[in-house]
Amino acid sequence: MVVGAQATPVGTLILGSGPGGYVAAIRAAELGQKVTIVERDFIGGICLNVGCIPSKALIQAGHIYQHGLHENPMGITFEKPTIDFAKTQDWKQHQVVERLTGGVEMLLKKHKVDIVRGAARFTDNETVNVIDAEGNSHLFSFDSAIVATGSRPVEMPGFAFKDRVIDSTGALALPEIPKKLTIIGGGVIAAELGNAYANFGTEVTIIIRSDKILKGFDREMVKLVLDDFKAKGVTVITNAKFKEATQTDTAVTVHYELDGAEQALEADYCLVSTGRRPNTDAIGLNQTDIKVSDRGLIEVDAQQRTSVKHIFAIGDIVAGPGLAHKASFEAKVAAAVIAEQAVIDDHIAMPEVAYTDPELATVGMTLAEAKESGAKVAKFPFAANGRAISMTQTAGFIRLISDATTDALLGAQIAGPSASDLISELALAIENGLTTEDISLTIHPHPSLGEAVMDAAELADGLPIHV
């Protein structure tokens, strides 16, 4: 902070321009607020630039490559496909990522949001100091602020991110397809990137501390992914204890312990994906009265308001799953509250997705919770769905969990084609208190994957047609 410098007054100040920050900025502007957004790195945040979007681009490229490799029953043959990975990376960056981030910046400008580039740090409850790329200081005083600074990968002891030990950002920007890739961690990011590179032909080994990958999904769902991994030659090692990574100019060796025995595994790269930590440690929260947990999460109420009533926090820096759509929802709540609307975060359904093969999606009550509570469970297989059969994608199912007395939909899980799209109908149903009969009496187009949702609902109602 420059002593004696005059602060520039702004209305609503937003720290971060990811799916939380930019959505908050646009919604706040729509509600009549004068908005300034501060971004240290790049518009769109981690998700659009080095996370959700580029990973899905590589996943899609891997699917196309896989389709060309395998025979099909349709009488269509292909020349053996080849990959120009530099061109794949160029497409991902320039035609996908930059198109979206450029669109976000255009939308911010359309809504007359002022964009300030630099690293923001609170100096007190009323003021933020922004240091630009040249080291210049810019002070801003605000009426309200929304903190949306996101998170970063956790670095393991003995596995510092350097050269051939990489985080998810590094994995998305590799200059070539590795022959061998070791992945430490069994969460969604690890499974998705492991699957993407396995589709490109990489020999992938996933090593985890626990006994199960993809902990957010039940074992019946995860088994389908493990079966696909096995078919692609992916190895999953569980219950490992990690020691360190050693490197040469051309390889990295992961040293770990398994069943009491020392093990060493060499690969071209080692991706460490063992979680993320909130970016709250370098933004000057200690200069404010904002309460922060031992884990670095900012404490907020149902309106996303911190312990300082005119400062709000959203996304990965508050409690809950680190999901882009969660951050965007919380952003709209915070912007509305600043506009003096009587709004709270009272959502019921928060879908979670893994873009593996097959895709996995879940929302609401889980299977384990259903068994404990005595809720009804109905499961319809994609193998009985005409559209899935015509797509040759019959692995998986749709499972509905409903109240045993009222038939209200309480939860749903989908493992199979387009699970990420199909789950939205079921999230809507849960959010609005619909019953399985409400779903079964809704006419679904034929033939479609969505028909399987209706079939699962009919099964729950005790009136199944297709099983």
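The values are calculated or read from the model by the stated rules, or taken from the named source; none is laboratory data. Values in this document were obtained by computation on a predicted structure and should not be read as measured data. Every residue, glycine as well, gets a Cβ built from its backbone with ideal geometry; the counts of neighbours run over all protein chains shown. These accessible areas exclude ligands, DNA and RNA; they are computed on the full protein's heavy atoms, side chains included. Shrake-Rupley method; radii C 1.70, N 1.55, O 1.52, S 1.80 Å.
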Förster-model FRET efficiency, 22 Å R0, Lys110 and Phe42, C-beta, rounded to 0.05: 0.70
Against the rule of thumb 2.2 N^0.38 Å, how large the Cα Rg of the stretch 260-357 comes out: 1.44
Cross-link partners of Lys110 among aspartates and glutamates (Cα-Cα below 12 Å; sequence separation of 8 or more within a chain): Glu30
Spacing of the two label points (7 Å from each Cα toward its C-beta) at Lys379 and Asn136, in nm: 6.3
Mean-position separation - Cα centroids, the stretch 399-418 and the stretch 8-52, in angstrom: 35
Computed lengthening from Arg99 to Lys223, 0.36 nm per intervening residue step minus Cα-Cα distance: 41.0 nm
Å² of accessible area per residue within the stretch 13-160, as computed with a 1.4 Å probe and no ligands counted: 50
The stretch 194-208-the stretch 123-148 distance, computed between alpha-carbon centres (Å): 43
Protection proxy ranking, peptides 449-456, 189-196, 134-141, 162-169, average beta carbon neighbours within 10 Å, highest first: 189-196, 449-456, 162-169, 134-141
Rounded, prolate or oblate (a/c below 1.5 giving rounded, otherwise prolate when a/b exceeds b/c) for the chain by Cα gyration tensor: oblate
Carbon/sulfur fraction of accessible area - the stretch 123-197, other protein chains in place, 1.4 Å, %: 53
Alpha-carbon Debye profile of the stretch 149-234, log10 I(q)/I(0) at 0.15 Å⁻¹: -0.58
Extension reserve of the His310-Ser210 stretch, reckoned as 0.36 nm per residue once the Cα distance is removed: 31.8 nm
Rg/Rg_ref, the stretch 209-306, where Rg_ref = 2.2 N^0.38 Å and atoms are Cα: 1.57
Anisotropy class of the stretch 50-203 from Cα gyration tensor, a/c 1.5 cut: prolate
Partner lysines for Lys80 [C-alpha distance under 20 Å; skip if fewer than 8 residues away on the same chain]: Lys179, Lys232
Spacing of the two label points (7 Å from each Cα toward its C-beta) at Lys87 and Phe161, in nm: 3.1
Ordering of 29-35, 202-208, 421-427 by packing [mean C-beta count within 10 Å, highest first]: 202-208, 421-427, 29-35
Dimensionless Rg over Rh [the stretch 328-467; C-alpha; Kirkwood]: 1.03
Overall dimensions of the stretch 65-120 as given by Cα atoms, namely Rg and Dmax in Å: 20.0, 59
Three-way shape call for the stretch 93-158 based on the alpha-carbon gyration tensor, with the a/c threshold at 1.5: oblate
Cα-Cα over 32 Å, subset of Lys243/Lys291; Lys56/Lys212; Lys332/Lys379; Lys215/Lys376; Lys215/Lys379; Lys87/Lys241: Lys243/Lys291; Lys332/Lys379; Lys87/Lys241
Proximal aspartates and glutamates relative to Lys180, as straight alpha-carbon distance under 19 Å, when same-chain residues fewer than 8 apart are discounted: Asp84, Asp163, Asp167, Glu192, Glu203, Asp228, Glu244, Asp249, Glu266, Asp268
Inter-label distance, nm, simple model (7 Å from Cα along the C-beta direction), Thr169/Asp294: 2.9
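Which of the peptides 63-74, 176-187, 312-323, 408-419 is most tightly packed, and how do the rest follow, judged by the mean count of other Cβ atoms within 10 Å per residue?
The most tightly packed comes first, giving 408-419, 312-323, 176-187, 63-74.
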